[in-house]
1. Would you compute, from DSSP H runs of 4+ residues alone, the mean residue ellipticity of the chain at 222 nm, taking -39500 (n - 2.57) per run and dividing by the full residue count, rounded to the nearest 500?
2. Run the numbers for residue 163 and residue 415: contour at 0.36 nm per residue of separation, minus the present Cα-Cα distance, in nm.
3. Looking at region 111-445, send over the antiparallel percent of its DSSP beta bridges, to the nearest 5.
4. Region 111-445: percent of C-alpha pairs farther apart than 29 Å?
5. Once the cut-off is 26 Å, how many percent of the Cα-Cα pairs in region 312-451 end up in the long-distance tail?
6. Which value, to two decimals, describes the C-alpha radius of gyration of region 379-451 once divided by 2.2 N^0.38 Å?
7. Rounded to the nearest 0.05, what FRET efficiency do residue 66 and residue 386 have when you use their Cβ-Cβ distance and R0 = 51 Å?
8. Once every Cα of region 4-96 carries one equal point scatterer and solvent is ignored, give the base-10 log of I(q)/I(0) from the Debye formula at q = 0.23, 0.24, 0.25 Å⁻¹, two decimals.
């Protein structure tokens, strides 16, 4: 942990003149104030003031006391796209106490519980996103109009026009020491992914948030919009944030999910299997947090062909609550010995809430020594619905409203959110109602002259 004097010296060396004190609302959207470096000590000790009632889901109204964002100096992040400015992730305080409606404060609470049990969670994320442009009529199309292949994944030509954008982001991340190791064109036209090394859960959540800020600003320089909307195009694969996890010993760093003598041959420990079972047990409620918008459930649908939403022939989004070997048709893929990947997480999620809920689900599996059953091998997409039922495999809720019903009845996941849970349910129930009030173009096209 760095001292404030060390950070102050580093900022002077880096030519920093202003700071962004940054937190997130309930949706995970970054909120900031710009602060001159001369007030560095103020935003450590007191914090930058905000009216919480002006921000989604912070548990405040117009009568509430000031919400103060106190920076975490270990999150010092110079902006690669803007000289002289650095971002600090912040924790919110009200009346000199940590604000329980702050997503970051809540994650730190849950991580403290995890650490007290002798565990540390390491997390990596694959942040898929689209580069799009807005047309004069308000519609959107992929930014590169020549990116039209039916199967564009990894295609050189599809990547070539975006290469400067990708290189700018990768170089910027590596300047920050994130060890960005690869990027590619994903399965949908205009869709890309940039990978950086895993880290402790809080660090990854902070970086994930900053990554969204950085891609937005970098894309703008190329006349594009970087969007983490889960499914912006009806006929294309949606965007995920595949979550890679393992639990480690906080003192030694030993991977506690790893067991090379695993009789199932996946290289997983008993602890890992209990964790998997906890995630599967709570998946119907958990997905309200990991897929938190109406739009998210348009990628989390049963079905894999173009009829169900992807011209490439695959959605790459398992709707089955299952686990298996190195197999992308499972919710939880064993990407390697001691290494789990959850493929259902939406790119639109709030990372702090997702990780807090995820930890509570996994811990419940560990505490109760739940068992996930035998791994599912082979192509899950080849199974009929009756075969899935016969195997006892459940599917995810198919709408936000259904997921919220499950969340409302899952005390483990709600406890992982603290008081944010009730606020989340209220906001998301209203989102569902607003969605159904709106008349879509699809409805007009289908029903206007039908009756």
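Bear in mind these aren't lab numbers, they're just calculated from the coordinates by the rules spelled out. Note that this is a predicted model, so its numbers are computed, not measured. Glycine gets a Cβ as well: all are built from the backbone with ideal geometry, and neighbour counts include every protein chain shown.
1. Mean residue ellipticity at 222 nm (helix-derived): -10500 deg cm²/dmol.
2. 86.4 nm
3. Percent antiparallel among DSSP bridges in region 111-445 is about 90.
4. More than 29 Å apart: 38 percent of the Cα pairs in region 111-445.
5. Summing the P(r) tail past 26 Å for region 312-451 gives 39 percent.
6. Taking the Cα Rg and dividing by 2.2 N^0.38 Å, one obtains 1.59.
7. Efficiency for this residue pair is about 0.30.
8. Log10 of I(q)/I(0), two decimals: -1.12, -1.19, -1.26.
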